[in-house]
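As structure tokens, the structure follows; a few thoughts come after it.
Bear in mind these aren't lab numbers, they're just calculated from the coordinates by the rules spelled out. What you see is a predicted model; the values in this text were computed from it and never measured. Here the Cβ is made from the backbone with ideal geometry for all residues, glycine too, and neighbour counts use every protein chain on show.
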Amino acid sequence: MDLVTPNIGLVFWTTICFGILLFILGKYAWKPILKAVADRENSIESALLKADAVREEMARLTTENEALLKQARAERDSILAEATKVKNQIIYDAKEAAQKEGARQIELARLEINNQKAIAIADVKNQVASLSIEIAEKVLRKQFEDSKKQDELVKELLKEVKLS
């Protein structure tokens, strides 16, 4: 039972040892431990501040990137619209030039056809005239073997022709 009920001397010497231990720990251990805890607290706080700063910077960069992407998309759309416009203009100009050239070729062909037609008609007229003269000459030779008939025909023709 002596162990359960402490003796005054034991309490005294335990208190003194405890006090010395507290003094030694306070002087040599707690200051470095508290300093290490404070340093750790400061480093955590500065890391949190840096993380906040980095988060804000990331948000700013994200916003800038989105703005740049938006601008790049707008520029791309503008370039595509301009390219489409140029393409359509080139197609329109090519169609117009082709139509003009086609119309010119058709007109040249029409003129050539009309010229050939006129030449052919003139040739046919000349041939018809030559044949008519030949036929008329043969008919008249046969018919005018008699001079009386010839005089009658001349008189008839003179009556029909009116001089103006």
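Comparing LEU61, LEU80, LEU153 in a Gaussian network model of the chain where C-alpha atoms under 10 Å apart are linked, the largest mean-square fluctuation is found at LEU153. Of all the options SER78, SER132, SER147, the one that moves most in a Gaussian network model of the chain with Cα springs shorter than 10 angstrom is SER147.
Considering all projection directions equally, how large on average is the shadow of the alpha-carbon convex hull of the chain, in square nanometres? If you can, show how the numbers build up before the last one.
Values: hull surface 129.6 nm².
Result: a mean projected hull area of 32.4 nm².
Distance from the Cα centroid of segment 1-40 to that of segment 100-163 is 152 Å (rounded to whole angstrom).
Note on the chain: with a GNM built from Cα contacts shorter than 10 Å, the maximum mean-square fluctuation among GLN71, GLN150, GLN99 falls on GLN150. In segment 60-129, the ratio of gyration radius to Kirkwood radius, Rg to Rh, stands at 1.70 when only Cα atoms are counted. Each principal axis of segment 92-135 carries a Cα extent, and these read 62, 6, 5 Å when sorted largest first.
For segment 91-96, the Karplus equation 6.51 cos²θ - 1.76 cosθ + 1.60, evaluated at θ = phi - 60°, returns couplings of 4, 4, 4, 5, 4, 5 Hz by residue, with Gly and Pro reported as x. The phi torsions of segment 10-17, fed into the Karplus equation with coefficients 6.51, -1.76 and 1.60 and a -60° offset, translate into couplings of 5, 5, 4, 5, 5, 5, 5, 4 Hz, rounded to whole numbers, with Gly and Pro shown as x. For segment 8-134, a crude dipole built from +1 on the beta carbon of Lys and Arg and -1 on the beta carbon of Asp and Glu, taken about the Cα centre, is about 540 debye to the nearest 20. Karplus-based coupling profile of segment 43-58, in residue order and whole Hz: 5, 5, 5, 5, 5, 5, 5, 5, 4, 4, 4, 5, 4, 5, 5, 5, with θ = phi - 60° in 6.51 cos²θ - 1.76 cosθ + 1.60 and x standing for Gly or Pro.
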